[in-house]
Every structure is written in structure tokens, then in C-alpha cells.
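Written out below as C-alpha cells is the structure these notes cover.
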Amino acid sequence: MKRVKKYLKTFKKQSIKYIFTNRLFLTYLILAICGSIILRNVTISGFFSIKPLVTDIGLILLFGSFGYLLKPEKQYRYFLIWLIIFCSIEIINSVYYTFYASFGSLSELSAIQQAETVSDSIFQQLRLVDFIYILQPILFYYIHNNLRRSPYYNYVNKIEKKKKSVLVTLAAGLVFLLISFGTASGTDYSRLSKQWNRNYIVERFGIILYQFNDIFQTVKPRISSLFGYEEAYELFNNYFENNVDNEYNKKNKWTGILKGYNIIYVHMESMQNFLMDLEFNGEKVTPNLEKLIKEGMYFDNFYPQISSGTSSDAEYITLTGLLPSSSGIVFTNYADNTFKALPGLLRDKGYYTFSMHGNYSAMWNRNNVHPRLGYTDLYYRDTFTFEKEDIIGLGINDKKFFEQAVSKLENIENENNYYFGTIITLSNHSPFKPNEAYTLDINDYWTQGGVEQSSCYLCEKDIGRYIVSSKYADEALGDFLKYIKESNAFNKTIFVFYGDHDAKISYKDMNYLYNYDYVTGEVRTEEDPEYVLYDNYDHYLKKKTPLVIWTKNKELSRKFKGKISWTMGMYDLAPTLYNMLGVDNKYVLGHDIFNIRNNNIVVFPNGNYLTDKIYYNNSTGEYKILKEGTILDNDYVINNQEYAEKILEVGNSIITYDLFNEAKREEKIGK
């Protein structure tokens, strides 16, 4: 017992001595840990998560250990540099998460040129907590100054044993990292190496390892493309050789039905399906969209598969039938690639091709990428006539844009036998700032105690602003359809309307829409009889957007009518149209929806997937059964997960290694 007491006394004495003589290092350690904890708490709500904390501590100790190689008074600068690095990582990712619900990537810095055109959207969503991390270097400087005014540095300089301090701290860091990696599963390692599911990596390994892994993964393709081309091409070649002749690529009743017809994509900014269920004070939010789906063929289970490239990813996917990059943005990081896309394939068949938008062509690097996709001409902001008051958000308002676009389209039809084009709308882009042009009244009115009351609980929420903005976009859509119907042109033209992606509305704001009690001013709980169940799976599933194939051609309009409810991803659109247009291109990851029907699987860039039976969350390894009474085979989830990972790898290889570039292939492997 005496020996134990003696040991405890010695331990206490040594601990006090260590704390007293390592105050600068411990300050660095505590501040760095606090920064990573705060970031997790304000993003993925992982305040008490042990696994990422263990990894963060290990890395912070590891980096900090080398500071002991310096003299005590010079250690301050070394630790400060690391705190500034951590602070920068945390601020960037906190802001990025607010905007994209994901974590940032070095590979996306090339897209920073887009910030000028979306700065309002970014700044509106900034929070004070996004900058709390600045306190780390500030507090560190303050403590350093206090230590400098004391005998601390002179005393430590005399007694500190550099090598021992380095080795002990380094060993402690390695122990934490061994615990972290020793308890990691094969799935953890797989997701870390592929970097698809950023939230999962931060949740499991912490923000510091995520960011350094991201740097490695960003540089890796540039390096591995010099050495790993053959393996990537073999994976690519085997996949398409084994899949091109399967049952999902056979001819059907739609084969060749659109040969000789013109095609126009109408890219509807941030338009989601759930808007069509909404009505305020007797006024529908999207009456024109609802009319459109009744007149055309409506795919009501159409899901965007975008990554951080948002609108540009939607273009890439719908034109190629492929998936976006797991690292970086196709339009900015891989702009020099060779593409197999609908505009280029139709141009080879004699079609005139074009794209049209009310913003600058430099947005998302379209001025460089669109010609490589196969567009012959670009009609952008500088080709339209408008006044300052015609600008809404990022560019020309949709009403003014559509008014002039129709005239341009009529000229295109007069001058060309066949054409394919994409029209990109704009007004419904975040940050959704309603003005006098917006007419929807989203107030709630009721009578209480004989007095008429009103509340606009949605007005100050993103969801409310988005709904009002969508009403305006729908009005512009109605104008466009009116112009098309009244025109003498477009009798051999098929319009493909699609929502490019969800509006990035938070789960909390969406829950306000369904469960906010405007009378009490509180959010309903599950005990409330009027409570509407809205969980994270519902939030994922609400992200679907409308897809409508429509034409004024009377003969075709009778065929392109009705609702198609098969589960469908964005990458299924191009192969479906390829078949209708008689275009040969086997290099797609999606399917002709009329062949695959209910057997489809929609794979998302983060590894999640959706079938007609389940929505699988790759981050948690859990899933939601979509139809009550569904019984799954034991291998159903695993087989689909393996399939999802395979096509993500194939799609990423196509982009990373530029596998459609025949000259590069000849140079690399002589094929």
C-alpha cells in the first residue's frame, strides 16, 4: 500500500512538473483539439465522438512533437504555424459545409473563380461560428505573451531534454494513431482510400486526417495517371465489354422514335418535385410545371447524382450517362479531357449544337468545356439585351431570358435542318432573394379570440425564400411554354425539362415546412397528432427533381404522355435518349430506363444508392426499406453496394485518366 501511495505521489509530482514545463505545448494541444471538436459539432454533430478525437489527438501530437527540436522561445512560431493551418482547415470546411453539406477539397480550389458569381449565395449563409476557430491562434498568442513576460522560457531552456521530449511526444502520438487505425474496419479503409464519402471520413477519422488524405488523393491521380493507366484502362475495358450486351441494352418500342427530330434540354435551376405539392392561400407554387407534366411524359422518381460541381455536374451526367468525379470538378479540374457526350455525338450526325444561358460563359468554365462536349455555339449573357433592373441573382432574369431565347431558337431552326441545344435557367439559384418581381404570399392567417392573426414563419427561412423564388421560376416557365406554343416553329422539336439539383435546403429548414406550428411558434414533436414524420431518409428522398419529355408535335405528344414511376438517376437520361435517337454509345453507366425498369439502381457520388426497394446510406451502412412488407434477400444490400463501388471506380477512372482520349491511349498502352 505504501508503494502504491509512493507511486501515486511520484506520478502526481511528475505530472505537475510536466504541465508546468510544457505549458506552451499543452496550450497548442488543447486549442487544436478544441478546434476539431467544435467543427464536428457544428457540422456532423459529433461532439462526443471518440474515434475521430483519437485520430485528431494522434496527429496533433505527431506534428507537435517536432517542435521540441527547437529552443523553447522558438517553439512558439512552430506551434503557431500548425494552429493557423488547423484554423484555416476548420474555417474553410465550416463554411463549405454550410453551403454544400459536405467538406471541402483541395481539388476544388480551381473552382474558386466561380466565387464572384455566387458570392451573395455564400455570404448569406455564413455564420459567426464559422469563424470561432480564429480564437485558436489569438489565444495562443495571448498565452505566449504571458509566458514570455514570466521566467518560463529561461527556466525551460535550462531543463528541457529535446530528444526525450520529441520521442515521448512522438510515441504518444503514434499510440493514438495505432489505436485509431487498429480499430478501423475494412470498410473504413476502403472509404478513406476512395474519398467518396467525405462526411463519413471526418466522422470516423477526424478533420485533420481527412484534409491531409484529401491532399494526397488530389495529388495521387496526377501521379498515378503516369503509372496506373493500364490498370484503369483494363478496369474500364472489362466493365464495358461485359456489360454492353446485357439485357438492359436491347431495343424496345422507343428505339429510333426521335430520329430526325430536334432536341432541346431545358435545365431548370434548383427545381424539386415537392414544390408541386405546395399551395399557399389558395395559390399553387408551380402551376405551370404541373400543367407541363400533364401534357408530357413525366418521370416522377428522377434523382440528381451531382457532387460538388452542382449544375455543371448535372450537365455532365445528363449529356454523358456517366458519374462526376470523386475528387474535384469535371468542368474545372478535367476541362481538357476528351468527352463522349450527346452534343458531340449528334453533331457527328449533322446536327447543329448550341448552349444558351443568362450568365457569363466563364461560369463553371463552360466557355472551355462546352466546345469539348460538342456544342458548336454558345449564346450567353453578352448575346442578350437587358437593363440593370433585369438582373436577378446571378444574371438575366428567366422571363427576360426566355423572351429573347425563343427568337434565337426560331433563327436556329430556320438556318439548320436539325439541332440539339441546352437552355440553362438561372433565377431560381440560391441565395433566393425575393423582390417586387416575386408574387407568392406565404403568410399564414388565422383568427384567435375574434382577432385576425398572421404569421410568416417561412419568410426568414431558406425554405420560404426558395418557395417564393420557385414560384417566379415557374411563371417564367409558363411564359416560355406559351411562346413555344404560339410560335410557328418547333413542330419537330422535343423538349427535355429537368431539375438540375436540389436547392441545398437544410434538414432543419425542411422540417420547419412540415412541422412548424405558426400559432404556438414551436416545432411539433412526435407526440403532436399533427406531426409529420420527416427523417434523414425523407430528406434524401425529397431531393428528387422533375424530368419531363414534352413536345407540341401532335403525333408524338400522344406517345410522350403519362407518368413513369421507375426509380431513375440522372445518368439514365442520356442512354434512354441515345436509344430514341438511334445514337450508338456503349460507354454509359446508366441504362435506358425503358429496358431496366424496376431493376434499376441509382448510385450517388458519396456511395449511397437507391433502388425501388431501399435507400442505402453508405456513411452509416444502414438503409431504409421504401415499401412496407418488402423482404430482402441476404445478399441484396451487399451485392448492390459492390456494384455501386464498382461503377464509381469506373466513372472516376474515365475522368481521372481521360480514357476516351485515343491519342493518350496509344501513347500509354499502344491500343
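Values in this text are rule-based calculations from the coordinates and carry no lab data. Bear in mind the structure is a predicted one, so any value in this text is a computation, not a measurement. Because the Cβ atoms are built from the backbone with ideal geometry, glycine has one as well, and the counts that use them run over all protein chains shown.
Given R₀ = 45 Å, what would the calculated FRET efficiency be for residue 447 paired with residue 506, taking r from the Cβ atoms and rounding to 0.05? Given R0 = 45 Å and the Cβ-Cβ separation, E is 0.90.
Under 5 Å between amide hydrogens, which residues at least 5 positions from residue 626 or on another chain qualify, with H placed 1.01 Å from N in the peptide plane? Here 614, 615 satisfy the definition.
Among the cysteines of the chain, those whose beta-carbon sits 4.7 Å or more from every other cysteine beta-carbon are 34, 87. Taking 7 Å steps out from each Cα toward its Cβ at residue 532 and residue 630 produces label points 2.2 nm apart. Each other residue within a Cβ distance under 15 Å of residue 50 adds +1 if Lys or Arg and -1 if Asp or Glu, for a net charge of 0. Ranked by the mean number of other Cβ atoms within 10 Å per residue, highest first, peptides 369-375, 662-668, 316-322 order as 316-322, 369-375, 662-668. When each of 357, 267 is scored by the number of other beta-carbon atoms lying within 10 Å, the sequence from fewest to most is 267, 357. Peptide packing for 232-238, 385-391 was compared via the average number of neighbouring C-beta atoms within 10 Å per residue; ordered from the highest value, the list is 232-238, 385-391.
Among 216, 58, 314, whose Cα projects farthest towards the positive end of the dipole of the chain, with charges put on the beta-carbon of Lys, Arg (+1) and Asp, Glu (-1)? Value computed over the given set: 58. Above 37 Å, the calculated P(r) of segment 249-590 contains 19 percent of its Cα-Cα pairs.
Taking 0.36 nm per residue of sequence separation and removing the Cα-Cα distance, the residue 643/residue 338 pair yields an extension gain of 107.2 nm. Here segment 559-580 is scanned for amide nitrogen atoms under 13 Å from the site 7 Å beyond the Cα of residue 598 along Cα-to-Cβ, giving 565-567. Output the relative contact order of segment 249-590, whole-number percent, from Cα pairs under 8 angstrom with separation of 6+ residues. Relative contact order of segment 249-590: 34 percent. Taking Cα atoms, how many degrees apart are the long axis of helix 398-415 and the longest axis of the chain, rounded to 10 and kept between 0 and 90? The angle comes out at about 50 degrees. Projecting label points 7 angstrom from Cα along Cα→Cβ for residue 492 and residue 85 puts them 6.3 nm apart. A full extension of the chain between residue 70 and residue 142 corresponds to an added length of 23.9 nm, given 0.36 nm per residue minus the alpha carbon distance. With R₀ fixed at 35 Å, the C-beta to C-beta distance from residue 34 to residue 190 puts the FRET efficiency at about 0.70. Dimensions of segment 421-509 based on its C-alpha atoms, expressed as ranges along the principal axes with the largest first, amount to 61, 29, 19 Å.
In terms of packing, defined here as the mean over residues of other Cβ atoms within 10 angstrom, the peptides 434-445, 611-622 line up highest first as 611-622, 434-445. What does the net charge come to around residue 171 if you take all other residues with beta carbon closer than 14 Å to its beta carbon, with K and R at +1 and D and E at -1? Every neighbour counted, the sum reads +2. To the nearest 10 degrees, how steep is helix 229-243 against the longest Cα principal axis of the chain, on a 0 to 90 scale? Here the helix axis deviates by roughly 40 degrees. Taken about its Cα centre, the chain carries a charge dipole of roughly 3980 debye when the Cβ of each Lys and Arg holds +1 and the Cβ of each Asp and Glu holds -1.
Taking the longest Cα principal axis of the chain as reference, the axis of helix 50-65 is set at about 60 degrees.
Taking other C-beta atoms within 10 angstrom as a stand-in for reagent exposure, 591, 501 fall in the order 501, 591, fewest first.
DSSP bridge analysis restricted to the chain gives an antiparallel fraction near 50%, rounded to the nearest 5. Tell me the net charge near residue 575. Cut-off is 13 Å between Cβ atoms, residue 575 excluded, with +1 for each Lys or Arg and -1 for each Asp or Glu. Taking every other residue near residue 575 into account, the sum is +1. Annotation: the antiparallel percentage among DSSP beta bridges lying fully within segment 249-590 is about 40. For a paramagnetic label modelled on residue 410 (point 7 Å from Cα along Cα→Cβ), amide N atoms under 15 Å away belong, within segment 475-498, to 480-491. What full-extension length gain, to one decimal in nm, is calculated for residue 377 and residue 50 as 0.36 nm per residue of separation minus the Cα-Cα distance? Additional length available on full extension: 112.2 nm.
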